[in-house]
Structure formats: C-alpha cells, structure tokens
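The values are calculated or read from the model by the stated rules, or taken from the named source; none is laboratory data. Only a predicted model underlies this, so the values are computations on that prediction, with no experimental measurement involved. Cβ coordinates were reconstructed from backbone atoms using ideal geometry, including for glycine residues, and neighbour counts include every protein chain displayed. Heavy atoms of the whole protein, side chains included, go into the accessibility calculation; ligands, DNA and RNA do not. Shrake-Rupley method; radii C 1.70, N 1.55, O 1.52, S 1.80 Å.
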Amino acid sequence: MQAKSLVAALLAASAIFSVHAHDLSIDECTEGGDFIKHAALSRDSGLSRDDFISRLHGDLIAIQAFPPELRWFVQDEEDEVLLVSHAERVFDDPESPESHQTDFLQACFDRIAEQAAARDKVQAAQASDTAR
C-alpha cells in the first residue's frame with residue numbers, strides 16, 4: 001500500500017512540475033530561429049563572438065527581473081541553454097545564417113515533441129492510477 005502512495009505522490013509531483021514547466025510554442029521556435037539567423041548575420045557583418053555572447057548574457061540577466069510569463073522565449077533554464085548554445089554555434093561553427101536558423105528550428109521543434117510526449121506519459125499514468 002505504501003508503494004502505491006509513493007507512486008501517486010510522485011505522479012502528482014511530476015504533474016505539478018509539468019504544469020509549471022515552460023512548454024515552447026511554434027511561434028517561440030520561429031522567433032528563436034529568427035534570432036539565431038540574425039546572430040549569424042551580425043557575425044557576417046563583423047560582430048565578434050565575445051561581443052555578441054557578452055551582450056546576450058547581459059540581456060538574459062536583465063530579463064530575469066521580469067516574471068517568466070512576461071519574457072520572450074527564455075522563460076526557464078532550458079530555454080536559455082537552447083538559445084545560448086545555438087548562438088555560440090553561430091560563432092564556433094560558422095555556417096550560413098539560414099543553416100543556423102534551420103538547426104535551431106529542428107532542435108526547438110524536437111523539444112516541443114519531447115515536451116508533448118512527457119505530458120502524454122504523465123496523463124496516461126494519472127489515468128491508469130485513477131482507473132485502479
């Protein structure tokens with residue numbers, strides 16, 4: 001009986017987390033892709049990696065003063081890692097702006113799919129637990 005209570009508690013905790021976790025939208029991915037494309041265009045116009053990444057980190061620190069729901073894209077740490085890692089790639093592994101944009105979009109859309117699968121798994125587990 002204790003094992004069932006523990007499983008139910010874990011499922012409830014994961015459901016609470018999934019409610020509060022930021023799920024990316026297609027619009028956010030598109031905007032993020034545009035940002036990465038513009039990062040590559042800035043690189044091509046002569047902006048250095050250090051200047052761009054320094055400004056990006058400064059902007060990320062500044063927007064943390066706002067509640068997550070009012071922020072564009074970087075609402076949690078996972079969003080930040082996704083955006084910063086792709087911005088760094090723009091300078092560390094130079095390709096065309098469109099190629100960087102496409103790579104970002106693929107990673108972002110993959111994350112949307114992973115988030116949906118995780119949500120579905122939690123909902124299925126809750127439905128299964130409720131049916132018992």
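Tabulated values for the structure
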| read-out | value |
| --- | --- |
| Pick from segment 106-127, criterion open to solvent by less than 40 Å² (accessible area, probe 1.4 Å) and more than 11 Å from the chain's Cα centre (by Cα), ranking: modelled with the highest pLDDT | ALA116 |
| Of all residues making up segment 78-115, the number that are touching a residue at least 60 places away in the same chain (Cβ under 8 Å) and over 15 Å from CYS29 (Cα atoms) | 1 |
| Residue tally, condition touching a helix residue (DSSP H, G or I) at 6+ places or on another chain (Cβ under 8 Å), closer than 12 Å to PHE91 by Cβ and of a type outside the set (Val, Ile, Thr), over segment 49-67 | 3 |
| Tabulated pairs, segment 63-77, first under 20 Å from ASP34 (Cβ atoms) and touching a residue at least 24 places away in the same chain (Cβ under 8 Å), second open to solvent by 90 Å² or more (accessible area, probe 1.4 Å) and not in a loop (DSSP other than H, G, I, E, B), C-beta under 8 angstrom, 6+ apart or interchain | GLN75/GLU69 |
| Residues of segment 71-90 classified as open to solvent by less than 90 Å² (accessible area, probe 1.4 Å), of a type in the set (A, V, I, L, M, F, W, C) and not in a helix (DSSP H, G or I), total | 2 |
| Residue selected from segment 18-70 under the condition closer than 30 Å to GLN123 by Cβ and among the acidic types (Asp, Glu), by the criterion surrounded by the fewest Cβ atoms within 10 Å (Cβ to Cβ) | GLU69 |
